[in-house]
Structure formats: structure tokens, C-alpha cells
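Asker: Here it is, the structure in full.
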Amino acid sequence: MAHAGVAARTLATDTIAAVSSGTGAAAVAVIRLSGPRVGEAVRALAGRLPPPRRASLARLADSRTGEGLDSALVLWFPGPASATGEDMAELQVHGGRAVVAAVLAALFAQPGVRPAERGEFSRRAFLNGRMSLAEAEGLADLIAAETAQQRRQALAHAFGHLADRVEAWRGALVRGMALVEAGIDFAEEDDVPAQARALARPGLEALLAELDAALADRRGAMVREGAAIAIAGRPNAGKSSLMNALAARDVAIVSDEPGTTRDVLEVALDLDGHKATLIDTAGLREASGAVEAEGIRRARARIDAADLVLWVHDAGIAGEIVPDIATPPGAEIWVVANKSDLAAAPTTTPGAARILAVSARTGAGLGALTGALAAFVAARAGGAEHPALIRERQRGAVGEAADHLRRALAGWEALSDELVAEELRLAARALGRVTGAIDVEDLLDVVFREFCIGK
Ligand SMILES: Nc1nc2c(ncn2[C@@H]2O[C@H](COP(=O)(O)OP(=O)(O)OP(=O)(O)O)[C@@H](O)[C@H]2O)c(=O)[nH]1
Ligand SMILES: [K+]
Ligand SMILES: [Mg+2]
């Protein structure tokens, strides 16, 4: 997908090559090339350039020695209609390490061909207007996706859904800007300025509401980073035992000694396709030394930032259960009454959204707990195709745009046309940073013509 605001194709002088199919031995390895000398390099190894965009079988040889290297499928993608916008080729070779190393060495021996740097193919695609920054980030997330929901969200971003949404916001800003600037340009003429400004305001107010709503929506970040589920409670309640049981492996040290856990421990969970991070913490009590005090400080910091706190309680201990923690707004606390093999769980607890009886030892109640956790995370993460802001970089840029827009609207009566237009321009520039399209002048021209208000 091409994007507005990106300059003409850049002319990279280097041709790059790299294995794109991962490291380690495999049946097939894919070597990709991009740059001006791809055609020559392929011809040097394969003896000919196959017809564009069709897989052809070719014998690859080292042009320096004539030694045969492999029999490979060769694909030739002439630019600019390629993934990077440059001439590209793909060599599908046998995946053995020695084969891959020999083919790469023969490629790098060609003039002007060098190893690609990290992300260089995507970088060239962005610079050549083949994808936006938000799409590039989606692509990176797609490659890193661990759960089904992360995969779906990343795919939506890679397909440009977020970029489209941001471009629509930017279009609305530029339209408002054009109207305000009409006031500047036609300041000499009767009541154009006042009319133009009045026309711009409702659209900009609606846009600000949309930006604020997008910023308040944490679902995208929740999908990407996963829900943070902290396990908290008094020493010896069985927190580490619960962590091990839910993770189905021996992550944390368990002992009958209170104050065993000091450091914060984390494991990643895949709950029905949703990512979550389970966090085991030190038991909360009056610390008996500097090390335990530090452990408790770290525990509280993680509990304060959690989306859900499981307050683990030893069901054998009588009396009211009072979770001794503060959680951010929107977070929930559930009481997990552990050791149900020893004692019955209480049925009500003030302040807790729910009570679940489990035994980390026998596994009783763990299925119900896991199901409840999956439902919680699914509800928090919302629809997978939602083109939300998922990275701090995106959130920061949109937040900055909202601030400038807010300033323009707050000063609507007091500020000059020039100052209002300047705030709008800064807002548009901030939004441009999400997709990488920084220059708004081109769009402005188009929109200004569209909104020529009869002049
Ligand atoms: N009977 C029974 N014992 C349990 C259960 N869960 C944990 N325990 C025991 O309780 C003791 C404390 O368990 P831990 O998992 O270390 O407890 P903790 O809350 O992590 O303790 P600290 O890290 O010291 O705060 C150990 O002796 C466990 O074997 C359970 O479900 N039933
Ligand atoms: K313990
Ligand atoms: Mg522990």
C-alpha cells in the first residue's frame, strides 16, 4: 500500500541479501535480495534471470570457481512493484547450514552486494512508500506473535488498519486547517474568516473526542503486552505453589518457610489464545530484614500496576480476609482460597470481585480458575480486529496531537488564525509520526482546493 507524504523512491546504492527463513537447519531456506544489482547477482549465480514473479528451477554455481552449490527455486521481482519497491529476488535453497553459507558467500562476492542489516528490507519498503510505519510495526508484531489474538491484531495493523484510521484523523485535521487558513488568506475580504472558522470547529471537536477515546482504550496494549496478573498474599499462603501449578512447571521455589520468595518472578501464559503474564511476589507482612523489605517493595510495585490481583489466602487460617493492597482503577482483586484440601473456603469477602477455592497441591479448582482467568483477559482485550494504538510510540504521538488540538480549541476565541493554524499543523505533524508521513503540505494543497469556499 502506498502512503501519502513519503517522498519519491529513494535510490539505495547497496544491494542487500539475507536468509529470511530463520536460522538453523531446515528443509528449505529462503534467501532474499533487494537493490539495484539483484538482477546481475542472480544472473551470476543462476546463469540467467527467470521470467518475473514465477518460480523457476535453476542450478546455482559460484561464479568465482564455477563450483555447483545447489539446485534452487529462483523468483525475480523487478521493482518498483516489489515488497521493498526495489528490484528483488528470492532463492529457495536446500536449508542445510553449509548450503546457505556457500550461496550467501557467492552472493556477497558479487560487486555491490552485502549482508542486510536488521529490518533493512522493511526499512527500504517504508522509505519507498510501500508501507507505513504503523504497518511495519504490525509486521514486526506479526513475526513475534505468540498467541492467536496477538497474531490477529498484528495482521490488522500490518494490513494498514491503524494507518488508515490515523490517516483519516489526519485528513480531518488538515481539512480544519484548510478552513482556518482560508481565514488568513482571505482576511481582507468581508466575512470569509469568521465563516471559515465556524465551519471548522464541529469537525475538530469530534476529532478530539475520537483521539481521547482512542487514548483511553488500552485494549490494544493489553493484547500486545498481555494482561498482568499478580499473585499476592501473606507469607506461606501458597502463592508460589499456585504459580507453579498454573504454569505447569517448577518456576518458583516452594517451602514451608515463610518469606521464601523475595524476587518478582514472571511466566507467560497463553489463556485460550490470549497472552497473560503471571507474576509471583513476596508474601506481604512486616519485613524482618533489608532483603525481605526490598522484596515487599518490589511486590507492591508490581501489584499496583497489575490488571488483576489474585489474593491468595490459606483457607486453614480463620478470620476475615482483608487484601492489604491498592490496585489501579479498573483492576480487580479476586480472593483465591488455597489449600482447599485442608479446610473449606469462606464464601464471602468484602472488597473482592470473586472467591475461588483451589488446592495448589491436589489441583482441585484450578480448571475453574484458569477458565475464569481466560474469560477475564478475553473481556479486557476486546475485539481482535480493533485497530487500536498498541505501542507507546503510537500512543505518545496521538497524545501530542490531542494536546495541540485541545490547545487550538481552548483558544478558539482568543488566538489569532495563525496561532490556531499552527497548533493544528503541529497536531497533524504528530499524527504523521504514527504512519511516518510527516509532510502535510501536499495534502493541504489537495484539501484546500476541495474546500475552496467559492473563491
Ligand atoms: N496442603 C496444602 N499445602 C499447600 C498448598 N499450597 C501450598 N502448600 C504448602 O504451603 C507452604 C508454602 O507454600 P509456598 O508456595 O512457598 O507459599 P508462598 O505463599 O509462596 O510463600 P512465601 O513465598 O514465603 O510468601 C509449602 O509448604 C507448600 O507445600 C495446598 O494447596 N495444600
Ligand atoms: K513459603
Ligand atoms: Mg513464594
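What follows is calculated from the coordinates using simple rules that are stated; it is not laboratory data. Keep in mind the model is a prediction, meaning the values are calculated, not measured. Glycine gets a Cβ as well: all are built from the backbone with ideal geometry, and neighbour counts include every protein chain shown.
Asker: For region 241-335, what is the charge dipole size about the Cα centre, in debye to the nearest 20, if Lys and Arg each add +1 at the Cβ and Asp and Glu each add -1 at the Cβ? Before the final figure, lay out each step's value.
Answerer: Details: 8 positive and 17 negative charges, 45 e Å.
Roughly 220 debye for region 241-335.
Asker: Further question on the same structure: Output the relative contact order of the chain, whole-number percent, from Cα pairs under 8 angstrom with separation of 6+ residues. Walk me through the numbers on the way to the answer.
Answerer: Details: 869 pairs, mean separation 69.2, N = 455.
Reported as a whole number, the value is 15 percent.
Asker: Can you give me the span-like helices of the chain, meaning DSSP H runs with 24 Å or more of Cα extent along the axis and Kyte-Doolittle mean at or above -1.0?
Answerer: On the way: long enough: 161-185 (35 Å, 0.26); 192-216 (37 Å, 0.66); 392-410 (26 Å, -0.80); 417-435 (28 Å, 0.12).
Result, helices passing both filters: 161-185, 192-216, 392-410, 417-435.
Asker: Relative contact order of region 83-198, please, whole-number percent, based on alpha carbon pairs below 8 angstrom and at least 6 residues apart. Show your work: numbers first, answer last.
Answerer: Working: 81 pairs, mean separation 19.5, N = 116.
With pairs under 8 Å counted, the relative contact order is 17 percent.
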